[in-house]
Structures are given as C-alpha cells and as structure tokens.
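For reference, the structure is listed below as structure tokens.
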Amino acid sequence: MVFPKITIITPNLNNADYLEESIHSVLNQKYPNLEYIIIDGGSTDRSVEIIKKYENQLAFWISEKDKGLYDALQKGFERSTGEIMGWLNSDDLLMPKSLWTVAEVFATFREVEWIQGQGISLGSKG
C-alpha cells in the first residue's frame, strides 16, 4: 500500500493540561507519511513549552494571536500539503491506528471524499 500524506492540524489556546496527551495520540500512530501542524493562538500557559518538546516531529508550528479556532485551522490548512487533511482539537485524542484506518478507507474506496470520527468520552481531568 502506498501511504498517502495525511495532514493533521491541532489548534490550541491555553490547553496545556490536555495538549501533550493529544500530541502523543497523533505521533504515537507511527504513520509513515504524517504532516503534523500545531497552531497555537498565543497561549500564556505551558503550551508553547510542550510544543517545543516535539518541534522536531512537527512539519510546522506557530504561536501567535489569532481570531479563534477557525482562523487557526485556516492558517494550518494553508500550510498543509497532505492528500488527506483533518484536525484534532488539543483536548481530543486519536484512537490507536486511526490514521492507518483513514488511509486504508481512502485507498480502498476511491469515491470517498469525506469521513468523520465518532467521539467517545474518556473522562475528564480534575
């Protein structure tokens, strides 16, 4: 199987309590053709410190004031080069092997143009 490039955008603003776990859920996929982009809206918590820990595994990241979630996503998608693009909020997680499943669906069913995941609740911190 040829592995299509998958771009994942993670928008974030002051969500350090969840951000690192979210990053792990993407990077631990070990998907071979991943373009991972994090767009931070100028966080004042530990978010930038966390992002910097993973910057060598990111295609791009930035931390600057923006106009909210959709502005952050637009910034990320403008930089993306993936054949398949999606986003994961910084307080959400990808389930194991989900990027592999997405690639397989798009490779197997050429007529598919859009898929979305079903959210599940894993509990909350605090």
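Rule-based calculations on the coordinates, nothing more; no lab input. Here the structure is a predicted model, which means the values were calculated and not measured. With ideal geometry, Cβ positions are generated from the backbone for all residues, glycine too; neighbour counts draw on all protein chains shown.
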HN-Hα couplings for the stretch 23-28 via Karplus (6.51, -1.76, 1.60; θ = phi - 60°), in whole Hz with x for Gly/Pro, come out as 4, 4, 5, 7, 5, 6
Relative contact order of the chain (C-alpha contacts under 8 Å, at least 6 apart) in percent is 36 percent
HN-Hα couplings for the stretch 48-60 via Karplus (6.51, -1.76, 1.60; θ = phi - 60°), in whole Hz with x for Gly/Pro, come out as 5, 4, 5, 4, 4, 4, 10, 4, 6, 9, 9, 6, 6
Any chymotrypsin sites (Phe, Trp or Tyr not before Pro) in the stretch 29-126 that lie in a DSSP loop and have at most 11 other Cβ atoms within 10 Å would be F109, W114
Between M85 and residues 5 or more places away or on another chain, the pairs with built amide H atoms under 5 Å apart involve T7
Amide H neighbours of T10 at under 5 Å, excluding residues fewer than 5 places away on the same chain, with H built from the backbone geometry, are I37, I38, I39, L88
Asserting the computed 222 nm helical MRE of the chain (DSSP H runs at least 4 long, -39500 (n - 2.57) per run, divided by residue count, to nearest 500) equals -9500 deg cm²/dmol
Of all trypsin sites (Lys or Arg not before Pro) in the stretch 28-126, the ones in DSSP coil with at most 15 other Cβ atoms within 10 Å are K30, R46, K65, K67, K97, R110, K125
Taking the chain, the lysine pairs whose C-alpha atoms sit under 21 Å apart (8 or more places apart or on different chains) add up to 11
